[in-house]
Amino acid sequence: VWVDLVGSIFHAEYHMRAARVVPSVLVTVMAPLLLGVVVRLLLPATAENIAHPISLFAVVLLVVAAIPIVITSGMTFWTLVGNGVVVFLILFTVLGLVVGHLLGGPESDDRTVLALATGTRHPGVAMAIASLNFPDNKVVVAVMLWHLVIGAIASIPYVRWRKTQHAKAAAVEPGMPHSTGGK
């Protein structure tokens with residue numbers, strides 16, 4: 001729906017069949033989310049113990065998988081630096097972080113998760129849309145990959161700030177770690 005809307009706004013023919021995106025979303029978003037919920041419900045102590053190692057593994061895997069693509073698209077990307085693409089990607093990420101944080105609801109952790117999800121988007125879905133609409137355009141792929149890298153870097157100050165806020169809230173209310181309520 002969003003792709004069709006953007007296409008109508010810019011008077012362009014953009015297409016994205018749901019059948020093309022659904023498998024990517026199911027495998028890369030929904031399955032891990034559902035698995036995490038089930039493990040958390042059935043084995044909460046195990047979930048707590050494996051959360052950090054799995055998260056670290058996922059980040060390392062993403063970086064390792066992206067390195068060859070970033071290197072091969074690097075020259076294509078650098079041709080865009082002077083055109084303001086880097087600034088735009090940083091602003092796009094920061095705007096997403098702000099909107100996600102503001103709309104994240106009363107729970108501190110929910111605000112953080114929504115901010116990060118909004119600021120960095122889902123690269124698999126974005127790549128599927130880009131490859132269907134711009135199959136021979138290396139610039140589009142380069143910008144999307146660099147958005148992943150720049151989004152991660154631009155999110156670091158927000159993540160550090162949220163950790164500080166979480167630590168302050170835990171120090172004030174040790175029995176209620178999720179009750180920052182916007183403090």
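The values are calculated or read from the model by the stated rules, or taken from the named source; none is laboratory data. Bear in mind that the values here come from a model prediction, so they are computed numbers and not experimental data. For accessibility, only protein heavy atoms count, side chains too; no ligands or nucleic acids. Shrake-Rupley method; radii C 1.70, N 1.55, O 1.52, S 1.80 Å.
Observations on the model:
- Helical runs (DSSP H, four residues minimum) scored at -39500 (n - 2.57) apiece and divided by the length of the chain put the mean residue ellipticity at 222 nm at -26000 deg cm²/dmol.
- For the chain, dividing the convex hull volume of the Cα atoms by the residue count gives 144 Å³ per residue.
- Kyte-Doolittle mean at least -1.0, axial Cα span of 27 Å or more - DSSP H helices of the chain: 44-78, 138-172
- Just the protein heavy atoms count here, and of the accessible area of region 12-108 at 1.4 Å, carbon and sulfur take up 80 percent.
- Average accessible surface area per residue within the chain, 1.4 Å rolling probe, Å²: 67
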